[in-house]
1. When ranked by the protection proxy of mean other Cβ atoms within 10 Å per residue, highest first, what sequence do the peptides 110-119, 175-184, 97-106, 42-51 form?
2. How do 62-75, 156-169 rank on mean C-beta neighbours within 10 Å, highest first?
3. What percent does the relative contact order of segment 2-184 come to when contacts are Cα pairs within less than 8 Å and at least six residues apart?
4. Going by alpha carbons, how many degrees (0 to 90, nearest 10) lie between the helix axis of 91-121 and the longest principal axis of the chain?
5. Rounded to the nearest Å, what's the spacing between the alpha carbon centres of segment 128-150 and segment 20-81? Just the number, please.
6. Only Lys, Arg, Asp and Glu count, each charged at its Cβ (+1, +1, -1, -1), so figure out the dipole size of the chain about its Cα centre, rounded to 20 debye.
7. How far is helix 50-80 tilted off the main Cα axis of the chain, in degrees rounded to 10, range 0 to 90?
8. Please give the calculated 222 nm ellipticity per residue for the chain, where each DSSP H segment of at least 4 residues contributes -39500 (n - 2.57) and the sum is spread over every residue; nearest 500 deg cm²/dmol?
Amino acid sequence: MAEETRTAEFEHYSSVARFLHWLTLLLVAIMAVSGLVMVYRGKDLNIWDQLTNTLYSTHKTLGLALLAVVVVRLGYRFAKGAPADEPSLEFMHRFASHATHWAIYGLLLGLPILGWIGISMFPALSAFGGLKIPALTGPDPETSKQVLWLHGTLAYLLIVLIGMHVGAALFHHVIRGDNVLRRMLPGLKSRK
Ligand code: HEM
Ligand code: HEM
């Protein structure tokens, strides 16, 4: 009975919002791994073989696909909103989670755009053999270095924020035992 009351007290994210959330996780994981490995192989080890090229091509094309997903996700978020905060959260928890979520959204939007501007200026617009990505700006190799440096630095910031975000989700679920994670994973069984 107590569980029924507790469960009835919080709203889930819609299935569309959940689908977009977990799709974003999949794409960001591929982006982070491909980005780190391709720069390590190409720039640090100076290995420019088939694998490095494939990693760059994957990074560029999937990055643009992720940008499209993020635009759809933000459009959906602004149009439909999100469920009310989990009721047991104190002000500081609400504030910290909203601030982190909006910072993550900002980076999810800004990072691919910076990457796209960077490869337009470099210019390094080809991917997977013949595929040509449209340029956003004219060539400017000098500035491209700074843009891509900023892209890489912000990517590390995104990875840190996501680490905090995942830590917070697990803290809520395992330590506090509240319903924060269940809002995003409704199949999750209650531990109490
Ligand atoms: C690339 C990885 C991830 C990104 C970019 C991401 C991003 C986000 C964003 C932007 C929101 C806010 C949704 C909104 O209200 O509009 C959110 C919510 C949420 N995320 Fe993630 N997330 C990621 C991975 C994860 C993982 C691995 C978990 C679980 C361990 C998780 C658990 C949650 C939960 C529980 C919420 C809802 C929080 C609430 O109730 O307010 N996320 N995520
Ligand atoms: C959210 C999406 C993205 C994430 C998380 C991401 C992440 C990363 C990471 C972690 C690195 C390695 C940084 C380093 O170790 O110096 C990197 C480098 C790079 N990314 Fe992305 N990236 C994203 C989107 C894009 C897009 C859309 C493009 C181009 C269309 C792009 C182009 C590049 C390029 C060219 C580099 C190499 C930079 C250099 O040589 O210093 N990225 N990215």
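1. So the order, starting with the most tightly packed, is 110-119, 175-184, 97-106, 42-51.
2. 62-75, 156-169
3. 25 percent.
4. It is inclined by approximately 20 degrees.
5. Each part reduced to its Cα centre gives a spacing of 16 Å.
6. Around 280 debye, computed over the chain.
7. 40 degrees
8. Theoretical 222 nm ellipticity from helices: -23500 deg cm²/dmol.
Each reported figure results from applying straightforward, stated rules to the coordinates on display, with no laboratory input. All values reported here derive from a predicted model rather than from experimental measurement. Please note: Cβ atoms are built from the backbone with ideal geometry, for glycine as well, and neighbour counts cover all protein chains shown.
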